[in-house]
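Contents: one structure, followed by commentary.
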Amino acid sequence: MECSYYQMLLVFAAVILAVQGHSSATTKRFNFNVEWKSVTRLCHTKPVLTVNGKYPGPTIAVNEGDNVQVTVTNKVATNTTIHWHGVRQLRTGWADGPAYITQCPIGKGKTYTYNFTVSGQRGTLWWHAHFSWQRASVYGAFVIHPRLPYPFPFAPSPVVEAPPIIFGEWWNADVDAVESEMSRYGGGPNSSDAYTINGLPGPLYPCSIKDTFIQNVERGKTYMLRIINAALNDELFFAVANHTLTVVEIDAVYTKPFTTSAIMITPGQTTTLLLTADKSTGAFVMAARPYLTSVFPFNNSTTIGYLKYTTTPKLKPQPTIPTNLPAMEDTLFATRFTNRLRSLASADYPCNVPKTIDKRVITTISLNLQDCPQNKTCKGYLNKQFFASMNNQSFSRPSTSILQSHYLNINGQYTTNFPDRPPHEYNYTGVDSVSENMNTEFGTRVLQVEFGTRLEIVFQDTNLLNPENHPIHVHGHNFFIVGQGFGNFEAERDVLGYNLVDPPERNTVGVPVGGWAAIRINADNPGVWFIHCHLEEHTSWGLAMGFIVKSGKEPTQCLLPPPSDLPVC
């Protein structure tokens, strides 16, 4: 335990005061039952893992500053956890959720209460299972309303809040079997059979006209659309026919507003839009389809719903894909859209990007091939098996949670020697990089920094097997995307072009295909955190790392003690 005995006494006193404070402040309580539900899509009926029998799961709506308590009861035979994606979890890493990183899973018939406070955040986030591939169906919106009277800086006139719009994927097969086959044979997973909007595929898929999302609107009103990409393995483009979208928020951080014909959103990201219903009548197609940057097999279909004016007497489906929806390989649009994102950087909502740094870490993001073990059949490229890595380290989860090991000073579960640089330099994104040694090392190496470290991490894509856009999610911290580009990162050149005035603030960054992204973090949240690709197949292959922020000198800079009902392994 890093805090002194005296500090820990002060921490316990702070906990007691906090509990007393919650009695006067607002505490929002929710109950989640993880259970099977029979669901039919695309003429296929199968049991789907859900929360409270809902697919997608229920929306959690709280106010900025609320204490949140979610009691999760596991009513199925397999383990589970829930992650509150984007919630900072200040000093409450025990409530973050990733299995074997911050907690042991919730076992069959067990219950665990996630207890945390939403502080200094407002906007659209989401929650999802963080065990195996359960988030294929276990997910929902997490909406943080600003303190009354709703001081939206981007909407001086009233807006109508529409229900969240969540993109997902549907497999006709059992998702556990898809993941199991991928692991068993070392190849890529079978692609999903449909994309969905709020669990509904839409009329372009078999048997799905009745399973179509419809958003009703009234002429002249402006609507707030909270867009969430909960898809397992695909970045997506989204557009609404004959309507302009205004981006006002990303990952629960206000942005400088700008208009656009469409958006690109990676798994893990959220984007809040304003849409003005400026037509007289009609039903207009809204559509999402993948942004393709990979040579691996993928689902190349499109999910559609409708924006329906209340003056339209009856919906007559005309499932025509909007002309303003970008083509699947439109990297130019994706790049231009991403480059337009800027923090609001106002007096009320400042942009606290670190102007200087204490430490820079450069890590490659790679797909790897490993020789097939004896007595095993492999279906990867060249009959080998796929893995993925950061700085040639493929992450392995330990047998107990890293946070517990860190807090209790238990040795042997992880090491703090994650490399600050790639093991050797080469032309990372060049065509000759495919000749590099693609074998990876396996282990539980974490990056450890002191409290208050101003940290820069440069994520460098590689051309090992395939360059690809990788959505990298950082738990426990927001970060600022100070620079990004194509090709290989060169500090002497690229740092000069950093945006240190109003860079976008996020929790998930899409590292450009064949390029790099530089983020800066104020490491001010003690605990153990997960940094990983939000393409689930890549996380399964090991594209992840642990991240420890040590407790600081002051009691308020120390990790709080674990709750009494913390699951055990």
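The simple Förster model, with R0 at 22 Å and r as the Cβ-Cβ distance, assigns S38 and T78 a FRET efficiency of 0.80. Over the range 302-423, accessible surface divided per residue gives 52 Å², non-protein components excluded, 1.4 Å probe. Partners of K550 within straight-line reach, counting lysines whose Cα lies under 27 Å from its Cα and excluding those fewer than 8 residues away in the same chain: K355, K359. Helix screen, the chain: DSSP H segments with Cα axial length of 18 Å or more and mean Kyte-Doolittle hydropathy at least 1.0 are 5-24.
Bridge orientation summary for the chain: considering DSSP beta bridges with both residues in this region, about 75 percent are antiparallel.
For the chain, the Cys residues with no second cysteine's beta carbon closer than 4.7 Å are C351, C533. A simple spin-label model places the labels of T323 and C569 5.8 nm from each other, with each point 7 Å out along Cα-to-Cβ.
Take the Cα of T377, step 7 Å toward its Cβ, do the same at E64, and the gap between the two points is 5.8 nm. If you plug the beta carbon distance of N411 and E450 into 1/(1 + (r/R0)^6) with R0 = 22 Å, you get a FRET efficiency near 0.60. Cross-linked pairs K54/K316; K256/K308; K54/K110; K46/K108; K210/K308: Cα-Cα separations exceed 18 Å for K54/K316; K256/K308; K54/K110; K46/K108. Residue-wise HN-Hα couplings along the range 90-105, as the Karplus relation 6.51 cos²θ - 1.76 cosθ + 1.60 with θ = phi - 60° gives them from phi, are 4, 6, 10, x, 4, 9, 6, x, x, 4, 6, 9, 10, 7, 7, x Hz; Gly and Pro carry x. Counting every alpha-carbon pair across the chain, the share separated by more than 35 Å comes to 34%. Charge tally for S343 (other residues, Cβ to Cβ under 15 Å; Lys, Arg +1; Asp, Glu -1): +2. Surface composition of the chain: carbon plus sulfur atoms hold 52% of the accessible area, using a 1.4 angstrom probe and ignoring ligands, DNA and RNA. Per residue of the chain, the DSSP helices (runs of n ≥ 4 H) give a summed -39500 (n - 2.57) that works out to -3000 deg cm²/dmol at 222 nm.
The values are calculated or read from the model by the stated rules, or taken from the named source; none is laboratory data. Only a predicted model underlies this, so the values are computations on that prediction, with no experimental measurement involved. With ideal geometry, Cβ positions are generated from the backbone for all residues, glycine too; neighbour counts draw on all protein chains shown. Quick note on the areas: whole protein, heavy atoms, side chains included, nothing else; ligands and nucleic acids left out. Shrake-Rupley method; radii C 1.70, N 1.55, O 1.52, S 1.80 Å.
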